[in-house]
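One structure is given here, and the rest of the page talks about it.
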Amino acid sequence: MRLLACCQYGRSRRSTLRLSAVLAVLLVLASCGGKKQSRVEIPPPPPPPTPAPTTKPEPTEPAETARGPRSGRALFTEEGYASWYGPGFHNRRASNGEVFNMNAMTAAHRNFPLNSVVRVTNEKTGHSVVVRITDRGPFVPNRIIDLSMGAAKAVDVWRPGTALVKLEVLSAPSPIDHGGRWCVQIGAIPHQKDAIRLKEHLLQSFETTQVIQFPAPDGGYWVRVKVPKDDKSRAQEVARETHVDEGNVFLVRLD
């Protein structure tokens, strides 16, 4: 009996030890079998977008007119001094019938057909601007073109007041070297009485002409001599034969 009890006790003890070992293994597995935090793969940020190429806007030029392209070979070239005008003439009627805007790309010339397109290049700085001839002038000796204030700023004439320039006629609505309607303009004369006296003298000297006198927008008075049929050769003749004590004599194209 005692031997049997000892055997039973031994088997019970070995069972307890095995159970304890199993439980220990399970505890180890439980401690290692917790939830593992999975690594989140964060994709790299997308590359910055490639900026679109920037292009410098092309300068705006007046539209092409009846004769000649805006670029390429010029129809006519001229060199001389440019000046500018603006505030005293702003919003007044120009010679081609338009209202003058001193900020627009326009100019005055005595001989080019109205609405001609001209490239003006500053001989010192090399800067150029394309303008349309909308007015007549400048009525100052030794100057060939009067730029609007806006055009003068674009071609470095505004601050100095004058500059040596090259003119290239790119297009014109009618021939430059022949035809056209012409007159003689004299001024500016400081006093109206002197303008009237000159008018009377011209009427006696050139009986077949029409002579008018009118105030200038920036002061003084002008006298204009219109010859029969607005003929250029006759107007040139009157200009050569006219001598004045005040003011200057200019041959001017009307159209």
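Highest mean packing first, where packing is the average number of other Cβ atoms within 10 Å per residue, the peptides 141-154, 206-219, 228-241 line up as 141-154, 228-241, 206-219. Which aspartates and glutamates have a Cα less than 17 Å from the Cα of Lys166, not counting those fewer than 8 places away in the same chain? Straight-line reach from Lys166, under 17 Å: Glu78, Glu79, Glu123, Asp146, Asp156.
Which pairs in the list Lys124/Lys232; Lys199/Lys232; Lys153/Lys226; Lys193/Lys226 are over 30 Å apart, alpha-carbon to alpha-carbon? Let's see the in-between values first.
Working: Lys124/Lys232 34 Å; Lys199/Lys232 20 Å; Lys153/Lys226 35 Å; Lys193/Lys226 20 Å.
Violating the 30 Å Cα-Cα cut-off are Lys124/Lys232; Lys153/Lys226.
Evaluating 6.51 cos²θ - 1.76 cosθ + 1.60 at θ = phi - 60° for every residue in the stretch 189-198, the Karplus couplings come out as 9, x, 10, 5, 5, 5, 5, 5, 4, 5 Hz, glycine and proline recorded as x.
Read the figures in this text as sums done on the coordinates, not as results from a lab. Here the structure is a predicted model, which means the values were calculated and not measured. Every residue, glycine as well, gets a Cβ built from its backbone with ideal geometry; the counts of neighbours run over all protein chains shown.
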